[in-house]
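Trainee: Following this message is one structure expressed as structure tokens.
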There are 2 protein chains.
Amino acid sequence: LFHYLALLINSTRCREGSRFARMCSGSGVWAGEEPLASCHSLVDLTDPETTMASDLKRIGYLGETPCLHVKNPLSAHFELHIEQGPLLEQREKKVAVVSGVQGMRWYEIRCKGAEGHAGATSMDTRADALVPLALFTVKVEELSRREGARGTVGVLTTATKSPNTIPGSSFCTLDLRSTSDATLDKIETELTSYLIQLEKERPGITLVIVRTWKKDAVVFDEVARDCVKSAAVQTVGESLVDELISFAGHDSAETAVVTPTAMIFVPSKDGISHNPSEYTSEEDWYVIIIHIVI
Amino acid sequence: LFHYLALLINSTRCREGSRFARMCSGSGVWAGEEPLASCHSLVDLTDPETTMASDLKRIGYLGETPCLHVKNPLSAHFELHIEQGPLLEQREKKVAVVSGVQGMRWYEIRCKGAEGHAGATSMDTRADALVPLALFTVKVEELSRREGARGTVGVLTTATKSPNTIPGSSFCTLDLRSTSDATLDKIETELTSYLIQLEKERPGITLVIVRTWKKDAVVFDEVARDCVKSAAVQTVGESLVDELISFAGHDSAETAVVTPTAMIFVPSKDGISHNPSEYTSEEDWYVIIIHIVI
């Protein structure tokens, strides 16, 4: 009953969005949530000459099979994953039935000011393009904490490479997540107002925020979740089975829109993920060989 | 009476420090203020394989003439420069006799935290290595304004290229300047304390600040300044001659330690410098063809 198609598609399409900056683009296109053309035209972050389409062609993966659920349907989609958080380990559980995926939004923020000489330009006459994004980064942390959300400025760059030049432009990304779409709306509104306020306070500064990706919070199919739960209980016993929400994005958040979907989590050592220390024991991995009967 | 040697030396040695991150390294070595070996071993910021020595050798400029004032003395050093500030233009003056150069210090600040998943790691358990440097950047602006100094974070980078990864390490430069060395001491002490405070408040974060370069405030030789002044008055008339301090670093701040030194400023359009809009009219440049008689 497992269908790996969407996962296989994604393994060739930069599932994490670290090279082509969109997450789960393969399953997103398959589910009809993302336009194929806009994913194909994503540019390699380290090589502006390469697009996803040109690289799929280069490696021989730009085939003729349509990447669309109506042409290649799945009767259900079950995704196996490490938790990427510390809860299962802390609670001494072995398997979690995942109830859903928190809402996620990605943004790009660009600041323009005026380059200037670090020694010759007084503090009052400069239009430093880094300080506004530094203030923004601090504000993201403050609002995320206040609202119980998760906000991350992952990439921040200044255009200058010279220590004695006032940055004339800067760029950062923002990854914002919450189990509540209303909370995300609220933070987004406050951050946008904050940027407008910074522009007003700082002559010569322009700030632009663009939302590049949005995925509303997802609740998984009840029948599919029950299948996972009964199979997990049968395999490890009820005392070792937990229920969790997924704080990370997954292909299942895409497939859930068009087919019954559920996820199975196993423990992550110390909750560490997206880091070379990420670790799940072989023993914990074997647990996922469980029987799901629909 | 002009000696261009130190200037010529510097033109081959990245006077601004944008490629090899030390300012005025040629004149600094010549004046005995900088060790030759440490300048030769400076690494190209864009190419870790290239040092200043290897590149001087490559272009045929690593000659045998000693770069040292005791071997190649100057009887005096006069430096012609654009103001890199707006004052001459605002005051409708044509020439400034420069009284000295403000004190300058360069720093590198490194922050280590822990990489983590932007969605799976709660705000309370993350050790985000960018937020502390964002707070530091904001603090630099605040203290520089309060103390009438000039503080610039010019380069700031995070180790991650992925928008959904919490930065595990980050780096920034700091350029700090004031006409008062005591003010620089004060800001340096406060910033260092602030970093220690941030480390205490944020588990898993380490912050290291290293001062990579220091140049105390310089007052130029009185006789040399008088020579510039009388020559300027003779050339453009007393009403168009001003006196200024230099807010930017110059080779003259190095040569002043070992030989009578003075500087001559001409107007910079809108005070803009280190920017493609930097402009001084030909007419204003011609003014500097003045006669200095010692």
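Trainee: Identify the residue of chain B whose Cβ lies closest to the rotation axis that maps chain B onto chain A, and give that distance in whole Å.
Mentor: Measuring from each Cβ to the axis, the minimum is at B:ALA134, 2.
Trainee: OK, next. Between the label point of A:ASN275 and that of the same position in each other copy, find the distances and list them shortest first in nm, with every label point placed 7 Å from Cα along the Cα-to-C-beta direction.
Mentor: 4.1
Trainee: Placing a label point 7 Å from Cα toward Cβ, how far apart in nm is A:THR125 from its equivalents in the other copies, listed shortest first to one decimal?
Mentor: 5.2
Trainee: Counting each pair of different Cα atoms once, what's the Kirkwood radius of segment B:37-82 in Å, rounded to one decimal?
Mentor: One decimal place: 12.9 Å for the Kirkwood radius.
Trainee: Averaged over its residues, how many other protein chain Cβ atoms are within 10 Å of peptide A:128-137's Cβ atoms?
Mentor: Going residue by residue through A:128-137 and averaging, the value is 6.
Trainee: Then there is this: Who wins for biggest fluctuation among B:GLY151, B:GLY168, B:GLY26 in a Gaussian network model of chain B, springs between alpha carbons below 10 Å?
Mentor: B:GLY168
Trainee: Work out, in µm²/s and without decimals, the Stokes-Einstein translational diffusion coefficient of segment B:187-249 at 37 °C, 0.692 mPa s, Rh from Kirkwood over C-alpha pairs.
Mentor: Reported coefficient: 203 µm²/s.
Trainee: If one takes the longest principal axis of the Cα atoms in chain A, at what angle in degrees, from 0 to 90 and to the nearest 10, does the Cα axis of helix A:222-236 lie?
Mentor: Roughly 70 degrees, rounded to the nearest 10.
Trainee: Tally the DSSP beta bridges in chain A and give the antiparallel ones as a percent, rounded to 5.
Mentor: Bridges in chain A that DSSP calls antiparallel: roughly 75 percent.
Trainee: With the label 7 angstrom out along Cα to Cβ, how close does A:ARG211 come to the same site in each of the other copies, in nm, nearest first?
Mentor: Output for A:ARG211: 4.9 nm, nearest copy listed first.
Trainee: Please identify every one of the GluC sites (Glu not before Pro) in segment A:68-144 that sits in a loop by DSSP and has no more than 11 other beta carbons within 10 Å of its own beta carbon.
Mentor: When the GluC sites (Glu not before Pro) of segment A:68-144 are filtered for loop state and at most 11 Cβ neighbours within 10 Å, A:GLU92 remain.
Trainee: Let me ask another. Given Cα pairs under 8 Å that are at least 6 residues apart, what percent is the relative contact order of chain A?
Mentor: 28
Trainee: Sorting B:VAL101, A:VAL210 on the 10 Å Cβ count, fewest up front, what's the list?
Mentor: Least to most surrounded, the residues fall as A:VAL210, B:VAL101.
Trainee: Still on this structure: What are the trypsin sites (Lys or Arg not before Pro) within segment B:62-144 that DSSP puts in a loop, where the Cβ has at most 14 other Cβ atoms within 10 Å?
Mentor: Those satisfying the criteria are B:LYS71.
Trainee: Taking only the Cα atoms of chain A, how large is their convex hull per residue, in Å³?
Mentor: 153
Trainee: Let me ask another. To the nearest whole number, what is the average tally of beta carbon atoms from other chains within 10 Å of the beta carbons of peptide A:270-278?
Mentor: Rounded to a whole number, the mean comes out at 6.
Trainee: I've got another one for you. Give me the percent of Cα-Cα pairs in segment A:49-149 that sit more than 17 Å apart, rounded to a whole number.
Mentor: 79
Trainee: Over all alpha-carbon pairs in the protein assembly as shown, figure out the percentage whose distance exceeds 46 Å.
Mentor: So the portion of pairs separated by more than 46 Å is 31 percent.
Read the figures in this text as sums done on the coordinates, not as results from a lab. These figures come from a predicted structure and were not determined experimentally. Because the Cβ atoms are built from the backbone with ideal geometry, glycine has one as well, and the counts that use them run over all protein chains shown.
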